[in-house]
Amino acid sequence: MKRIGLLTSGGDAPGMNAAIRAVVRAATCHGLEVMGIERGYKGMIEGTARLLGPRDVSGIISRGGTILYTARCHRFMERAGREQAAANLKQWGIDGLVVIGGDGSYQGAEKLHNEFGIRCIGLPGTIDNDIGGTDYTIGFDTAINTAMEAIDRIRDTAHSHDRIFFVEVMGRRSGYVAMISGIAGGAEDILLPEAETTVEALIERLRDGQQLGKKSSIIIVAEGCQYGGAMVLAKRVSDQSEYKDNRVTVIGHLQRGGSPTAFDRVLASRMGVHAVEALLAGESGKMVGVSGQQLQLRPLSDAWEQRTRFDMELLRVAHVLSV
Ligand code: ADP
Ligand code: F6P
């Protein structure tokens with residue numbers, strides 16, 4: 001093995017740059033060249049790639065986003081698109097690939113592995129923490145801290161005005177960010193895609209809190225919850241109760257950017273080194289995960305077949321603490 005390819009794909013996540021740096025430097029240490037493919041599978045099809053040396057990744061460990069850019073690419077879902085991509089990999093002399101992304105990106109990598117025998121290793125890069133085979137994804141820790149800080153700020157003004165705030169956090173299919181940032185931010189309730197509830201139950205919770213002396217409340221709403229986001233939910237609560245003067249804040253893509261936390265930088269660094277060494281050891285069709293303190297190699301399909309589900313006990317904890 002002489003040259004490996006590296007790309008970021010799907011939604012960006014803080015710590016992707018730290019992972020890029022780790023892959024490039026680990027590869028250099030082991031005498032390998034790295035071709036950085038821009039904009040994920042789109043760049044693989046369109047042929048946009050450049051060699052990356054250790055100095056090209058200087059100073060990026062602290063930067064959010066991805067210097068390789070990222071994209072979602074429909075052409076890669078078709079066999080013809082993947083044939084073009086595989087032909088480019090061959091032309092570039094790439095004999096191993098590191099894909100940093102979510103489970104969709106892994107499904108693409110698995111197809112490259114199965115259809116064209118391209119050696120692929122995945123690194124979990126998504127703020128959602130919704131990938132099986134790993135306790136944590138790169139970017140999750142930064143995103144929950146960003147969301148928590150936003151909730152803290154909202155609480156200041158909610159408290160000053162005796163107001164109810166509905167704070168929407170990211171997570172179309174996964175309530176992980178909502179659950180953890182909600183507990184960390186002391187939320188009065190948390191609405192998740194994984195757990196249905198009723199507007200009536202939420203209103204009851206608000207009334208219970210008021211009876212116990214609460215004058216302000218924060219409800220965390222995952223964007224993928226059954227009501228389709230905080231705006232709709234806030235209106236339902238306003239229409240069905242005495243809580244008319246509520247406010248909505250959508251944190252949105254603020255959660256995707258920013259300098260990664262130490263946790264994400266270290267996780268990305270360890271995983272990047274592990275990915276290169278796995279390729280050198282002849283591994284393919286695998287993802288790097290972390291279980292406890294240990295890194296592990298799992299089949300790429302674990303990402304979607306063994307999807308991480310947080311412990312629903314956490315929701316009970318949030319409710320117990322909201323009295
Ligand atoms: P993520 O990797 O964050 O889950 P997506 O689901 O958007 O993000 O996937 C990123 C890209 O991976 C897609 O735009 C597509 O190019 C590729 N991809 C996703 N699913 C598949 C699939 N089933 N087959 C081939 N390629 C896929
Ligand atoms: O998968 C990460 C994520 O940020 C989700 O939480 C969110 O639903 C989605 O990506 C938004 O993606 P985009 O705005 O890039 O289409």
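The values are calculated or read from the model by the stated rules, or taken from the named source; none is laboratory data. Since this is a predicted model, take the numbers as computed values, not measurements. Backbone-built Cβ (ideal geometry, glycine too); neighbour counts: all protein chains shown.
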Here are some residues: G228, G257, G213. Which one is more than 24 Å from E196 (Cβ to Cβ) and either modelled with pLDDT under 95 or over 34 Å from the mean Cα position of the chain (by Cα) (or both)?
G213
Considering only residues that are part of a strand (DSSP E or B) and free of Cβ contacts under 8 Å to residues at least 40 places away in the same chain, look in segment 37-59 and name the one that is surrounded by the most Cβ atoms within 10 Å (Cβ to Cβ).
I37
Selection over segment 28-59 where residues are β-branched (V, I, T) and either over 16 Å from V98 (Cβ atoms) or not assigned by TED's automatic domain parsing to the domain that holds S105 (or both) yields a count of 2
For segment 296-323, give me each residue that is within 30 Å of G285 (Cβ to Cβ) and either in contact with a His (Cβ under 7 Å, 6 or more places away or on another chain) or of a type in the set (S, T, N, Q) (or both).
Q296, S301, Q306, T308
Sort through A109, A87 and tell me the only one that's more than 13 Å from ligand 1 (Cβ to nearest atom) and of a type in the set (A, V, I, L, M).
A87
Within segment 61-86, which residues are more than 16 Å from G104 (Cβ to Cβ) and either among the acidic types (D, E) or not assigned by TED's automatic domain parsing to the domain that holds E110 (or both)?
E83
Name the single residue that is farthest from ligand 1 (Cβ to nearest atom) among those in segment 250-269 being in a helix (DSSP H, G or I) and surrounded by fewer than 17 Cβ atoms within 10 Å (Cβ to Cβ).
A262
Take the residues in segment 102-122 that are within 28 Å of E168 (Cβ to Cβ) and touching a helix residue (DSSP H, G or I) at 6+ places or on another chain (Cβ under 6 Å), then tell me which one is surrounded by the most Cβ atoms within 10 Å (Cβ to Cβ).
Y106
List the residue pairs whose Cβ atoms are under 6 Å apart, where the first residue sits in segment 171-185 and is under 20 Å from Q306 (Cα atoms), the second is polar (S, T, N, Q) and within 14 Å of ligand 1 (Cβ to nearest atom), and the two are 6 or more positions apart or on different chains.
Y176/N129
Residue list for segment 234-249, filter: closer than 19 Å to D208 by Cα, outside any loop (DSSP other than H, G, I, E, B) and touching a residue at least 60 places away in the same chain (Cβ under 8 Å):
A234, V237
Which of the residues that make up segment 271-313 are without any contact (Cβ under 8 Å) to a residue 24 or more places away in the chain, under 24 Å from G175 (Cβ atoms) and part of a loop (DSSP other than H, G, I, E, B)?
D311
Out of all the residues in segment 42-57, is one or more within 16 Å of ligand 2 (Cβ to nearest atom) and under 18 Å from S105 (Cβ atoms)?
yes
